[in-house]
Every structure is written in C-alpha cells, then in structure tokens.
Amino acid sequence: MLNHPIIVFSGTGNPGLANAVCRYLNQEIGQAEITRFPDGEKLIRLESDVRGRDVFLIQPTCGPVDENLVELLIFLDCIRRASAARITAVVPYFGYARQDRKDAGRVPITAKLMANIITSAGADRVLAVDLHAKQLQGFFDIPLDHLTAEPVLVKYLKQKKLKNLTVVAPDAGNMKTASRYATALGAELAIINKRRMSGQEILCEEIIGTVEGRNIVMVDDMISTAGTITGAARLVKDRGAGRIIAGATHGVFSPPAFERLPAAPIDEIFVTDTVPLNPAAAAIKNLKVLSVAGLIGEAMRRIHSNESISMMFRQIPQG
C-alpha cells in the first residue's frame, strides 16, 4: 500500500483497467455503490471515506458515451461533496474529442463543452491517454496530463523484429505520429492521401513513399468504424506490400468495423485496454490487446507524489 492518503475509484466504464491499475499501485480499489432508480437514473454512494484524501476516479467516456459521461459527472460531484482534498479524473478515452472545432455553420464545439462540465462537476485535474488532437489540452482550465501509449506500442512492435519495415500514415493528420514510430523502429515512412466521403466512408487515393515488397505498420489514435485503416490496408496491399500490421490506442470498434476488419488484408490488429473490448470483436482475426495499466498507474503515482510526468516519455522522439 502507498503510505500517503490516496484512494482510487472505478466507474462502470472500464473496471478491468481500473483493477489492473490498482494492482500496479499495490492499492485496494475504493468502494462505492452504483445503483439505479426504476426510471434509470443513477445513484452513487461512496462506501470508502475520502475526506482529506487524494482521489483518482478512473472512468473512460467510451460507448455508451453519454451513459459513461453522466456517471463520471455524478461520481465527481459525489467525491467533491464528500470533502476529498484533490480529485483527478482519469479519462483513458475522452469521448466527443473529434468535435473539437466548428467545421460547418451552426454546430457546437462539443469537446470544449465536455471539458467545461468535467471541471464544473469537481475535477481538480484530468489524466487522459492519446487525445484525438493535442490541442484539446487547451480546452481545460485545470491541469491536464496527456499520456501517450507510444511506449507500450513501440515496445510491442520492436519485439516482433520486423525486417524491411515501412510505417504508413493512413492520412496526413497522422504524419507526425507515424514519423515518431518510424524513427523508434528504424523504419521508412510513407503517407496516404485520403478523402472523407462521409462519417463512415473513406476514400484512399495515393501513396507518398515506397510500400512495394515492404512490411507495413500503421498506427492511429483510434479504430472506430475502421474505414481509414482498412482502406489504407487495401491500397498498400494493391501496391505490393507484404505483411500488414495495424493498430491504435483506442479500440472503439463501432459498426461496421466488425465486418470491415475481418475482410481487410490485415495480418494483425493491436489495440490497448483504454476501452473495454466489445464482445463482437471476437470476429476480428489476430486481435491483440496490450495493457496501459502500468503507464496510467505510474502517472497516477507521479501526480500524487508531485513528480514529473514528462520524464516518463523522455525516450520518445517528439518530432
């Protein structure tokens, strides 16, 4: 057990990850009762005393997004009213992150709204993993520690010892991330130009770089409908690529991902446990789930001890 007054709670969004984080910290998980009224409203009652303690609440706002978000807000308010000294909202997956700007008239910036209400509910700071866009850190008026799963994913890919490797950016927005992976893996870099036809349809048009006869790695922040990753895989395969390995931090896997991924020419897919795996993911061949529990647990330990978070990522090139 840690010697200082720290306590960790888990919402219902991803209890498996929360338990794994607590095992890393050698810490018992805080006790809370989460019940429903007959009309569906949630009631949360803390069974562990939090007065004067440093409290961490682990609750991703993944699907069902609104359900998990409201639970996060209620939990934060409950902890605040129980007189915790400090509350850190650990949100491994931050829902609504893609709605981060006005890309059309008369639409909201929902990511900023989410930041506002999490702060209003009682969070003193936020810990997140691989936000869809790094500028989301500026949406919060409280400290936000932004972790990346890159150390976990790079370690896994290095263990595979792939030869003739090219890291492919499935779109231009992924170019900096792909460049870091290429540097870490000693690989070449290629970029795919894509156009989004709709919310579910992606058109991959051209490749900048060489993929013929090369083994391919593609890494994104999330796999949702899998349109980007499967379209890119087909394009590089048509251009003569060898083995294709694709992955992401967040395995959101929204329909029609479960039909697209098994049909795509992808030899292996990897994600982390920031999001609990949809049971339908059993249809996805060669799916590997890597854990970020140690990464999150170490960041929580450092927050509690007022140590540097950035030192955890010193070995990752930030180009």
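The values are calculated or read from the model by the stated rules, or taken from the named source; none is laboratory data. Model, not experiment: these values are computed from the prediction. Glycine also receives a Cβ, built like all others from the backbone with ideal geometry; neighbour counts cover every protein chain displayed.
For the stretch 155-176, a residue qualifies if it is surrounded by fewer than 19 Cβ atoms within 10 Å (Cβ to Cβ) and either among the β-branched types (Val, Ile, Thr) or within 14 Å of Phe270 (Cα to Cα) (or both), and the qualifying residues are Lys155, Tyr156, Lys158, Gln159, Lys160. Could you please find all residues in the stretch 228-246 being surrounded by fewer than 23 Cβ atoms within 10 Å (Cβ to Cβ), in contact with a strand residue (DSSP E or B) (Cβ under 9 Å, 6 or more places away or on another chain) and part of a helix (DSSP H, G or I)? Once the filter is applied, which keeps residues that are surrounded by fewer than 23 Cβ atoms within 10 Å (Cβ to Cβ), in contact with a strand residue (DSSP E or B) (Cβ under 9 Å, 6 or more places away or on another chain) and part of a helix (DSSP H, G or I), the stretch 228-246 yields Gly231, Arg234, Leu235, Lys237. Per the conditions (1) part of a helix (DSSP H, G or I); (2) among the small types (Gly, Ala, Ser); (3) at pLDDT 95 or above; (4) over 30 Å from Leu144 (Cα atoms), the sole criterion not satisfied by Gly294 is (4).
Close contacts from the stretch 285-308, counting a first residue that is on the phi > 0 side of the Ramachandran plot and a second that is assigned to a loop (DSSP other than H, G, I, E, B) and polar (S, T, N, Q), with Cβ to Cβ under 6 Å and a gap of 6+ residues or different chains, come to none at all. For the stretch 295-317, the criterion of being touching a helix residue (DSSP H, G or I) at 6+ places or on another chain (Cβ under 6 Å), farther than 23 Å from Val126 by Cα and not aliphatic (A, V, I, L, M) is met by at least one residue. Within the stretch 52-70, restricting attention to residues that are farther than 23 Å from Leu295 by Cα and in a loop (DSSP other than H, G, I, E, B), which residue is farthest from the chain's Cα centre (by Cα)? The qualifying residue farthest from the chain's Cα centre (by Cα) is Gly52. Identify all residues within the stretch 261-291 that are more than 21 Å from Ala182 (Cα to Cα), of a type in the set (A, V, I, L, M) and not in a strand (DSSP E or B); write none if there are none. Listed by number, the residues that qualify are Leu261, Ala263, Ala264, Val275, Leu277, Ala280, Ala281, Ala282, Ala283, Ile284.
Looking across the stretch 210-227 at every residue that is closer than 19 Å to Phe94 by Cβ and without any contact (Cβ under 8 Å) to a residue 60 or more places away in the chain, the one that is surrounded by the most Cβ atoms within 10 Å (Cβ to Cβ) is identified as Ile223. Here Asp39, Asp77, Asp49 are screened, and the one residue that is farther than 23 Å from Thr272 by Cα, more than 20 Å from the chain's Cα centre (by Cα) and not in a loop (DSSP other than H, G, I, E, B) is Asp77. All of Asp100, Asp130, Asp124 fail the test of being in the same structural domain as Ser308 (by TED's automatic domain parsing) and over 18 Å from the mean Cα position of the chain (by Cα), apart from Asp124. Does at least one position in the stretch 101-112 carry a residue that is out of contact with any Cys (no Cβ under 6 Å at 6 or more places or on another chain), in a strand (DSSP E or B), at pLDDT 95 or above and within 22 Å of Asp220 (Cα to Cα)? No, every residue in the stretch 101-112 fails to be out of contact with any Cys (no Cβ under 6 Å at 6 or more places or on another chain), in a strand (DSSP E or B), at pLDDT 95 or above and within 22 Å of Asp220 (Cα to Cα).
Kindly provide the set of residues from the stretch 151-195 that are free of Cβ contacts under 8 Å to residues at least 40 places away in the same chain, closer than 25 Å to Ile296 by Cα and not aliphatic (A, V, I, L, M), ordered by number. Listed by number, the residues that qualify are Lys155, Lys158, Gln159, Tyr181.
Which is at pLDDT below 95, within 20 Å of the chain's Cα centre (by Cα) and not in a loop (DSSP other than H, G, I, E, B), of Met312, Met218, Met300?
None of the other options fit; the residue is Met312.
Residues checked against (1) surrounded by 17 or more Cβ atoms within 10 Å (Cβ to Cβ); (2) within 30 Å of Ser305 (Cα to Cα); (3) not polar (S, T, N, Q):
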residue	(1), (2), (3)
Val55	yes, yes, yes
Thr61	yes, yes, no
Leu69	yes, yes, yes
Leu72	yes, yes, yes
Thr88	yes, yes, no
Asn116	no, yes, no
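Looking at Ile29, Ile58, which one is in contact with a strand residue (DSSP E or B) (Cβ under 7 Å, 6 or more places away or on another chain), closer than 20 Å to Leu277 by Cα and among the aliphatic types (A, V, I, L, M)? Criteria check complete, one pass: Ile58.
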